[in-house]
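Written below as structure tokens is the structure these notes are about.
The values are calculated or read from the model by the stated rules, or taken from the named source; none is laboratory data. This one's a predicted model, so the numbers in the text were calculated from it and none came from an experiment. When we count neighbours, we look across all protein chains shown, and the Cβ atoms used for this are built from the backbone with ideal geometry, even at glycine. Remember, those area values only see protein heavy atoms, side chains included, never the ligands or the DNA or RNA. Shrake-Rupley method; radii C 1.70, N 1.55, O 1.52, S 1.80 Å.
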Amino acid sequence: MTDAEWMLRAVALAERGSGFVNPNPLVGCVIVRDGRVIGEGWHERYGSLHAERNALKNCTEDPRGAVMYVTLEPCCHYGKNPPCTEAVIAAGISRVVVGSDDPNPLVAGKGLQQLRDAGIEVETGVCKAECDRLNRIFFHYITTGTPYCILKTAMTADGKTATRTGKSKWITGEEARQHVHETRKRVAAVLCGIGTVLADDPMLNCRTEDPSQPVRVVCDSRLRLPMSSQLVRTAREIPVIAAACVPDPEKQDQLEKAGVQVCMLPAENGHVSLRALMRVLGEMHLDSVLIEGGAELHEAALRAGIVQQVQVYIAPKMFGGSGARPAVGGLGIAEVSDAYQLSAPEITRFGDDILLNYTVKEAAPCSQES
């Protein structure tokens, strides 16, 4: 097998940590001698062994003189774990092949240099695109301190997210809806507006075979979150944050007694400042947010410049009607030249539906295990 083939095996291992390592990166590692795997591992959970140490622990024979394939530059600083570079050097690995460099200021090339200084041959950039794609969330979070935001919407072929009477269940099929749950598993938080809560009473939880539950966040300027809502009733099981900008001490006390965390934030155009909210969520070590709101929240998020990725699920249906709801509300853009610019989409099919996955141009640039 080639270096690229071994690295893609490491990428597949890294993906197994999806949803469990935030705010750390996804990392996989394969140790090879004479064309045979003698050890492999991945970063399984936040605070647990890093991928390199897991792979070394799992070795079936002495790794001295073997080649290590790792998707991200080995760390060289003390965090919840000691530096992986120390373990690699002590194990006598002769060559290290790396996919992505780590822009974390604590690492950022220092890990590679430590290995080279120890006489280890180091090669970088193998399957870089695939390895970088693994950690778009981490790279953004470690360099900005704010969450990587994915705006998700499901619409008909004519761009409607609900009928003129507000009905939207279900626009897409089961396969597409299941993929949404896979995305919820990968992110640290799910965000919606109070209008969505009042209309649909959602749970916003992850319903997969091996779930990792995101924090549920509600933009609720005036603390209208009903005490009888599913979010409030399950707040002690899965955390709920209510983001408000208009004080209501009595309602805040009721919500907090029910287990809801209330964050009072600055207002912007009469609503919660989304930029301020992202700073607070980043300080809580929530590295990623899936925005599943209505048209007004979507427009506010785009206008605030907090969105890095847009997921558009399109079903082969048409609602028609000027009263049917669009995916993005507000006044809209006046000039074509002022449109929010997206990349060419990645296209995936789920049954009869398709997913268009875009990155937002001009968003903060997309970074290792901390």
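Could you give the Stokes-Einstein D for the range 1-107 in µm² per second, using the C-alpha Kirkwood radius, 20 °C, 1.002 mPa s?
For these conditions, the coefficient is 159 µm²/s.
If one computes the Cα centroid of the range 99-172 and of the range 9-40, what distance in Å separates the two points?
Value for the Cα centre distance between the two parts: 16 Å.
Going by average Cβ neighbours within 10 Å, how do the peptides 254-265, 9-20, 185-196 rank, with the highest at the top?
Going by the mean number of other Cβ atoms within 10 Å, highest first, we get 185-196, 9-20, 254-265.
Using only DSSP helix segments of four residues or longer, with each worth -39500 (n - 2.57), what per-residue ellipticity at 222 nm results for the chain after dividing by its residue count and rounding to 500?
Result for the chain: -8000 deg cm²/dmol, rounded to the nearest 500.
For the range 141-195, what is the largest minus smallest coordinate of the Cα atoms on each principal axis, given in angstrom and ordered from greatest to least?
That gives 42, 25, 21 Å along the principal axes, largest extent first.
Ranked from highest to lowest mean number of other Cβ atoms within 10 Å per residue, what is the order of the peptides 309-319, 135-145, 203-213?
135-145, 309-319, 203-213
Straight-line reach from K57: which aspartates and glutamates have a Cα under 17 Å away, not including same-chain ones fewer than 8 places off?
The qualifying aspartates and glutamates are E40, E44, E86.
Can you tell me, using C-alpha contacts under 8 Å and at least 6 residues apart, the relative contact order of the range 121-255 as a whole percent?
Working: 139 pairs, mean separation 21.2, N = 135.
Here the relative contact order equals 16 percent.
What relative contact order, as a whole-number percentage, does the range 229-347 give when Cα pairs under 8 Å and 6 or more residues apart are counted?
19
Residues of the range 149-164 with the amide nitrogen closer than 12 Å to a label point 7 Å from the Cα of D352, along Cα-to-Cβ, please.
157
Ratio of alpha-carbon Rg to the 2.2 N^0.38 Å globular estimate for the range 108-169, to two decimals, please.
2.04
Once the convex hull of the C-alpha atoms of the chain is built, how many Å³ does it hold per residue, rounded to a whole number?
That works out to 148 Å³ per residue.
DSSP loop (so not H, G, I, E, B), at most 15 other Cβ within 10 Å: list which trypsin sites (Lys or Arg not before Pro) in the range 28-115 pass both filters.
Answer in residue order: R45, R64, K80.
Which shape class, rounded, prolate or oblate, goes with the range 290-370 when its Cα gyration tensor gives a ≥ b ≥ c as root eigenvalues, a/c under 1.5 marks rounded, and past that a/b bigger than b/c marks prolate? Each step should come with its number before you reach the end.
Working: a/c = 1.86, a/b = 1.19, b/c = 1.56.
Judged from the Cα gyration tensor, the range 290-370 comes out oblate (a/c at least 1.5, b/c at or above a/b).
In Å², and per residue, what accessible area does the chain have when probed at 1.4 Å with the other protein chains present?
Normalised by residue count, the accessible surface of the chain is 45 Å².
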